[in-house]
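One structure is given below, encoded as structure tokens.
Computed from the coordinates by the stated procedures, all read-outs in this text should not be read as laboratory data. Predicted model, so just to flag it, every value in this text is computed and none were measured. Cβ coordinates were reconstructed from backbone atoms using ideal geometry, including for glycine residues, and neighbour counts include every protein chain displayed.
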Amino acid sequence: MKTLLLIALTTATALASGCRKSEPPAAATAGGGPRRVEVTVSNQGFTPPRVVGRPGEDLTLSFRYDKSAGECGREVVLPSQNIKKTLTEEKPTEIALHLPQEKGEVTFTCGMNMLRGAIVVE
């Protein structure tokens, strides 16, 4: 009987403490600023390759360059936003964005357009 009670309590605690699917972050952080998302570029591409955002959300992408990306990954380009930034190993490069009101994608690529990622506005 004690074993069944212990199993029931353990299961209930696990369900209550986060074994549920998480919701996407709110449009702004608790401090009221833009949401910050770290993106790494390496020889494997962008990680994460897709970032989900909300229409009109303020978002800061923090790009970290891994030297395995070579020269291809030295730049990040957001064509629809007319943004092109050079990345370094020393510190992340931050790009502040105000996402469009329309649903769709805001793509980002490496400087050679070989590595690709996107912000999906839902």
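Structural remarks
- Among the residues making up the stretch 81-106, a single one is small (Gly, Ala, Ser) and over 17 Å from Val52 (Cβ atoms): Ala96.
- The set of residues in the stretch 64-80 that are within 23 Å of Arg54 (Cβ to Cβ) and among the hydroxyl-bearing types (Ser, Thr, Tyr) contains only Ser80.
- Selected residue [surrounded by fewer than 18 Cβ atoms within 10 Å (Cβ to Cβ) and out of contact with any Ser or Thr (no Cβ under 7 Å at 6 or more places or on another chain)] from Lys85, Lys91: Lys91
- Unique match (being within 17 Å of Met114 (Cα to Cα) and either of a type in the set (D, E, K, R) or surrounded by 18 or more Cβ atoms within 10 Å (Cβ to Cβ) (or both)) among Arg36, Arg74: Arg74
- Pairs with Cβ under 9 Å, 6+ apart, first in the stretch 43-59 and within 18 Å of Val77 (Cα to Cα), second assigned to a strand (DSSP E or B) and hydroxyl-bearing (Ser, Thr, Tyr): Phe46/Thr40; Phe46/Thr109; Thr47/Thr40; Pro48/Thr40
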